[in-house]
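A quick write-up on the structure given underneath.
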Amino acid sequence: MDAPTPAEGEPLIQPSTEDHPLYNDIVEAIRTVHDPEIPVNIYDLGLIYSVRIDDESAVTVDMTLTAPGCPVAGEMPGWVADAVEPLPGIKQVDVNLIWEPPWDMSRLSDEARLELGFM
């Protein structure tokens, strides 16, 4: 599912709900999802732009891919939803693919840089 285009003046990447009690569990669940072409989880690759959790524990994840032509573009959002949905307390999960801003290597975590030999 593609995310709606932000209104003028809104940030391209919505802030994550880091203070929610489920946030860290959701991030750890997302870290179990790997890009099949790169031996690093998609969170540390920087493909997850935002994790938002509302008051009823419905989760919205905005993510991107390393390239729009990624062979698993149609599948990866489902992998993320499948990783997060079983967590206790989660009401529902929506995963949006977004393309702006485009992914680049500056989004790699230090762990990913080390794993990929960039450090």
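The values are calculated or read from the model by the stated rules, or taken from the named source; none is laboratory data. Please read these numbers as outputs of a predicted model, since none were measured by experiment. A quick note on method: Cβ atoms are made from the backbone with ideal geometry, for glycine too, and the neighbour counts reach across all protein chains shown.
When residues of the stretch 35-69 are filtered for being out of contact with any Lys or Arg (no Cβ under 6 Å at 6 or more places or on another chain) and among the hydroxyl-bearing types (Ser, Thr, Tyr), how many remain? So that I can check it myself, show each step before the final result.
The first filter runs over the stretch 35-69 and keeps only residues out of contact with any Lys or Arg (no Cβ under 6 Å at 6 or more places or on another chain), leaving 35-40, 42, 44-45, 47-55, 59, 61-69.
Still in the list and also among the hydroxyl-bearing types (Ser, Thr, Tyr): 49-50, 64, 66.
Residues in the stretch 35-69 being out of contact with any Lys or Arg (no Cβ under 6 Å at 6 or more places or on another chain) and among the hydroxyl-bearing types (Ser, Thr, Tyr): 4 in total.
I want to confirm something. Restricting to the stretch 101-116 and keeping residues that are in a helix (DSSP H, G or I) and of a type in the set (Gly, Ala, Ser), which single residue is nearest to residue 43 (Cα to Cα)? Before you say what the answer is, go through the steps one by one.
Filtering the stretch 101-116 for residues in a helix (DSSP H, G or I) gives 105-107, 110-115.
Within this subset, residues satisfying the condition of being of a type in the set (Gly, Ala, Ser) are 106, 112.
Details: 106: 13, 112: 9 Å.
Looking at residues that are in a helix (DSSP H, G or I) and of a type in the set (Gly, Ala, Ser), I get 112.
Is there any pair with a first residue in the stretch 18-31 that is touching a residue at least 24 places away in the same chain (Cβ under 8 Å) and under 16 Å from residue 82 (Cβ atoms) and a second that is in a helix (DSSP H, G or I) and of a type in the set (Val, Ile, Thr) whose Cβ atoms are under 7 Å apart and which are 6 or more apart or on different chains, and what are they?
These pairs meet every condition: 26/84; 29/84; 30/80; 30/84.
Is it the case that some residue within the stretch 94-102 is under 21 Å from residue 116 (Cα atoms) and surrounded by fewer than 16 Cβ atoms within 10 Å (Cβ to Cβ)?
Yes: one or more hits.
Filtering the stretch 34-59 down to residues that are of a type outside the set (A, V, I, L, M, F, W, C), in a loop (DSSP other than H, G, I, E, B) and within 15 Å of the chain's Cα centre (by Cα), which residue is nearest to residue 115 (Cα to Cα)?
By that ranking, first place goes to 44.
Do any residues in the stretch 33-45 that are surrounded by fewer than 20 Cβ atoms within 10 Å (Cβ to Cβ) have Cβ atoms under 8 Å from those of residues that are outside any loop (DSSP other than H, G, I, E, B) and at pLDDT below 90, where the two are at least six apart or on different chains, and which pairs are they?
Going by the 8 Å Cβ cut-off, the qualifying pairs are 39/115.
Can you go through 19, 25, 62, 82 and tell me which one is out of contact with any Gly (no Cβ under 6 Å at 6 or more places or on another chain) and in a loop (DSSP other than H, G, I, E, B)?
Every option except 19 fails the conditions.
Could you tell me how many of the residues in the stretch 21-48 are at pLDDT below 95 and farther than 22 Å from residue 70 by Cβ?
0
Starting from residues that are buried (at least 17 other Cβ atoms within 10 Å of the Cβ) and of a type in the set (Val, Ile, Thr), keep the ones in the stretch 62-93 and report whichever is nearest to residue 34 (Cα to Cα).
That would be 80.
Please list, ordered by first then second residue, the pairs with beta carbon atoms under 7 Å, 6 or more apart or interchain, first in the stretch 53-75 and under 20 Å from residue 90 (Cβ atoms) and of a type in the set (Gly, Ala, Ser), second in a loop (DSSP other than H, G, I, E, B) and at pLDDT 95 or above.
From residues that are under 20 Å from residue 90 (Cβ atoms) and of a type in the set (Gly, Ala, Ser), the pairs are 57/22; 57/89; 57/90; 57/91; 58/91.
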